[in-house]
Structure formats: C-alpha cells, structure tokens
1. What residue among B:VAL65, B:VAL83, A:SER107 has its Cα farthest toward the positive end of the dipole of the protein assembly as shown, where the charges are +1 on Lys, Arg and -1 on Asp, Glu, each on the Cβ?
2. So how far apart, in nm, are the two label points at A:THR142 and A:VAL154 if each is 7 Å from Cα heading toward Cβ?
3. Using amide H atoms built 1.01 Å from N in the peptide plane, name the residues 5+ places from B:ASN27, or on other chains, whose amide H lies under 5 Å from its own.
4. How big is the gap, in Å, between the Cα center of segment A:1-42 and the Cα center of segment B:21-58?
5. List the residue ranges in chain B for DSSP H helices whose C-alpha atoms run 18 angstrom or more along the long axis and whose Kyte-Doolittle average is 1.6 or above.
6. Based on the Cα atoms of segment A:1-75, what semi-axes does the equivalent ellipsoid have, where each is the square root of 5 times one gyration tensor eigenvalue, given in whole Å with the largest first?
7. Taking 41 Å as R0, compute the FRET efficiency from the Cβ-Cβ separation of A:ASP120 and A:LEU67 and round it to 0.05.
8. Which is farthest toward the positive dipole end of the protein assembly as shown among B:ALA94, A:SER34, A:ALA157, measuring Cα position about the Cα centre, with Cβ charges +1 (Lys, Arg) and -1 (Asp, Glu)?
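Read the figures in this text as sums done on the coordinates, not as results from a lab. Worth saying up front: this structure is predicted, and the values here are computed from it rather than measured. Please note: Cβ atoms are built from the backbone with ideal geometry, for glycine as well, and neighbour counts cover all protein chains shown.
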Amino acid sequence: MLLFVVAAIIALAAAVMVITVKSPVASVLYLIISLLAQSVLYIQLSGLFVAAFLVLIYGGAILVLFLFVIMMLNIRHADLGRDMLAKVKPWGWIFGAALLAEMVWMSMGVSSRMNAVGEDFGSVTAVALLLYGKFVYPFELTSILLLAAIVGAVVMAKRGL
Amino acid sequence: MVPLDYYIILSAFLFVVGVIGVIVSRNLIVMFMGIEIMLNAANLAIMAFSRHLRLMDGHVFVFLVMTVAAAEAAVGLAIIIAVFRGRESVNADALNVMKW
C-alpha cells in the first residue's frame, strides 16, 4: 500500500510538472520520471513484462525521440509560450474538472477487491504465448503499422522529397 | 493488496492532467506529451482491470497501445518538424491559416 501511494504521488506530480514546466526538455525528463513510477505500479499489478517494456520502449525509445527532436528544433525562448499558465483558458480548467469528477464518480462503482493470481501471471512466457497464439494477427499487423509510420515520418520530415 | 478503484481513480487523475495539458498548453510539443500522458493513464487502467479479472489479454492490449504510441510519436514529431520548418515556431496559436 505504501509503495502504491509513493509511486502514485510521484507519477501524478511528475505528470503535473510535465504540463507546467516551461522548458520542453525538462517536460520530457519529468515524463520519464512519471513513466518510471508507473512501471512500479505495473510491477505491483504483476505485469512484469509490460513494466520492462514500458521502461525500455517508452522511456528508452519514444521519449529519447522527443528529446532528439526538441534539440534538433533549436527553439528560441521567445517561442516557448511564457504565458502558458499565466493566461489560462478558464474553459480548459472547467472541462478538466468536470471530466475528472465524472471519471471518479464512474469509478466509485467498480468492485474494489483484487483477485489473487498465479505465479506466472504477466511473465514473459505467458504474455508471449498470448502474443503468438490468440493475438498473432494483431501482433503481426503492428509491423505494417510501424512500417507505414516510418515511411510517413520520413516523407513528412524530409525536405523536398 | 491495493484495491482496484485506487488504480482507476489514479488513472482518471493522470488522464485529466493530460487533457488539461492538451487544452491549456500552447506549445505543440507539450500538447503532444499530454497525449502520451493520456495513453499511459489508459494503459494503467487496462493493467488494473487485467489484474482484477485475471485475464492476461490486457497485457497484450497495453503492448499494442505502446506500439501505436511509438508510431504516433514518430509521425507527430515529423509533423512538428515540418511545421517548425515552415513557421519557425512551435506555438499552436501560430497555426491559424484554417481558423475561422
């Protein structure tokens, strides 16, 4: 329970820092902190493979891509939008609060007790058997998606192609 | 054992932080990171329900969502690079050609 509270507070506080801090590089680093805290929660939910995947792929690959692009863009400080939270749009906060109230209200109804699981729940072997068994077509289709994304990214980012 | 609704409420809070980041922020990169926060909040809810229902299908869904997030990040960052090249800015308010 203590581990959950600590990880939840770190994940939430780092997520708030992502959207409030001024420099985009600091935003990305806070997002990595938030993801590490969430991987602790995944381990607590006995999703070991997914937790490792989150750290390796999300923290290690996607967010490094973010950092790479931010450094490549070489943004001037005037462009960063100093007034990001000074000139807040009130409707954003109102809709956000309404959405939060609605979601918390909805989640009050769920059953609160966690069922016990076996030893190999969420292990690499068990997830791999599902990935290459029951879900083999969606899994193979992601390779087409990634190929399309690579081609699309190169076409859009390359000058004069 | 931590109850299920704690995870769901934490996931709701994270999702709303992402929504507010997208709505309030004017920086395209931070808006994009808000989308990533929302995807992760949904992933956390999927993991919690997967543990609760003792079905590992949720782990596969989280895996696929992460793959889609990787593809989305690559394409989105390419769009941001293209926008920056044309406008010399990543401020969303600068993109007002199609604004009514």
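1. B:VAL83
2. 2.2
3. Placed amide hydrogens put B:ALA92 under 5 Å from B:ASN27.
4. 12
5. Numbers: long enough: B:4-24 (30 Å, 2.39); B:28-53 (38 Å, 1.48); B:57-87 (44 Å, 1.55).
Membrane-span-like by this criterion, though nothing is claimed about a membrane: B:4-24.
6. Details: eigenvalues 122, 50, 4 Å².
Gyration-tensor ellipsoid for segment A:1-75: 25, 16, 5 Å.
7. Details: r = 36 Å, r/R0 = 0.88.
Efficiency at R0 = 41 Å is approximately 0.70.
8. Going by the charge dipole, the pick is B:ALA94.
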